[in-house]
1. Could you check how many residues of the range 172-196 are part of a loop (DSSP other than H, G, I, E, B) and surrounded by fewer than 16 Cβ atoms within 10 Å (Cβ to Cβ)?
2. Any residue at all in the range 96-103 that is out of contact with any Ser or Thr (no Cβ under 8 Å at 6 or more places or on another chain), among the β-branched types (V, I, T), crowded, with 19+ Cβ neighbours inside 10 Å and modelled with pLDDT under 95?
3. Can you tell me which condition G86 does not meet? The list is (1) within 15 Å of A179 (Cα to Cα); (2) surrounded by fewer than 18 Cβ atoms within 10 Å (Cβ to Cβ), and all the others hold.
4. Give me the pairs: first residue in the range 44-66 and closer than 13 Å to A229 by Cα and part of a loop (DSSP other than H, G, I, E, B), second residue β-branched (V, I, T) and at pLDDT 65 or above, beta-carbon distance under 8 Å, and six or more apart or on different chains, which are they?
5. Going by the structure shown, is L148 touching a residue at least 40 places away in the same chain (Cβ under 8 Å), of a type outside the set (K, R), exposed (fewer than 15 other Cβ atoms within 10 Å of the Cβ) and under 19 Å from L117 (Cβ atoms)?
6. Looking at L65, L143, L117, L92 in this structure, which one is of a type in the set (A, V, I, L, M), surrounded by 15 or more Cβ atoms within 10 Å (Cβ to Cβ) and in contact with a Pro (Cβ under 9 Å, 6 or more places away or on another chain)?
7. Whether any residue in the range 108-131 is part of a helix (DSSP H, G or I) and either over 27 Å from A228 (Cα atoms) or without any contact (Cβ under 8 Å) to a residue 40 or more places away in the chain (or both) is what I want to check.
8. If we scan the range 40-48, do we find a residue that is modelled with pLDDT under 50, more than 30 Å from E209 (Cα to Cα), polar (S, T, N, Q) and over 20 Å from the mean Cα position of the chain (by Cα)?
Amino acid sequence: MSDSPKPGRRRVVRRHQPAVPASGQPSLFSLRPGKLWAVLKSYMGMEGKGDTRSIRDRPELAEFLDTRASFLAQTSLYGYLRTRAGMRYPELFDDDPFIEAINIAKWQVWLACLSDLAVYVGSRLAQHAPRETPRVSALMQSLVEQVLESAGSPPEAGADFASEAERVRDRVARTDWLAVGDSEAAFTESPTALVRWAPIVESLKELDEDIVRNSVRYRWQEVRREVAAKLDAQAVFGSLPDADPHADAGN
């Protein structure tokens, strides 16, 4: 992991106009909620008739992990805050302590979403080709490392960012890919992270916990459908180094 955030990759809320990186595209994590959905749709290729691209190789899989983890982190956190704050929601973004807290929360929820999604996608690849499980493990660890390296070490993410990123790496390294299955079993970290890090008073979070956890799991359903529709496991395996073109990936 690098020692500083990289250009165009900072996920930070600011009180003033969000910075636009050199690429000309605003960072997802620099947006106020009012502009979030439109930019997310553009970032994810969902404008117009929607993103129908298959996931066929390592770069496409890395992009999918990063964008969908960002999407879930943003929409889950902002949705919870909007529900709890009601009419006062816009006022919160003029409060410096809140901005500091939400920046930390978004990075932490993003890490948890990346963790859950990597485990789920890896399990889908392993179920498609059980004999390729060692390569699945190596691939998913490499992809997670790539996404984390791209994020860097943002100072606005708080003192716990590095240790939580290590937890993501450790979880992916220890995953029993064939045991995860196609259920909600992979999605354990993101609901917990939202409950833990959302900048809402603890007494309210205790009342909300079950609803919040279920809402995060519900948001993952669309991403799971995307994985089922777009992940071309055979093409992904074929694109990896040292792939055996004669191997029967379905057995």
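The values are calculated or read from the model by the stated rules, or taken from the named source; none is laboratory data. The structure displayed is predicted, hence computed values, not measured ones. With ideal geometry, Cβ positions are generated from the backbone for all residues, glycine too; neighbour counts draw on all protein chains shown.
1. Total satisfying the criteria: 4.
2. Yes, the conditions are met somewhere in the range 96-103.
3. G86 satisfies every listed condition except (1).
4. Taking only residues 6 or more apart or on different chains, the pairs are R56/V236.
5. The answer is no for L148.
6. L92
7. Checked the range 108-131: no residue is part of a helix (DSSP H, G or I) and either over 27 Å from A228 (Cα atoms) or without any contact (Cβ under 8 Å) to a residue 40 or more places away in the chain (or both).
8. no
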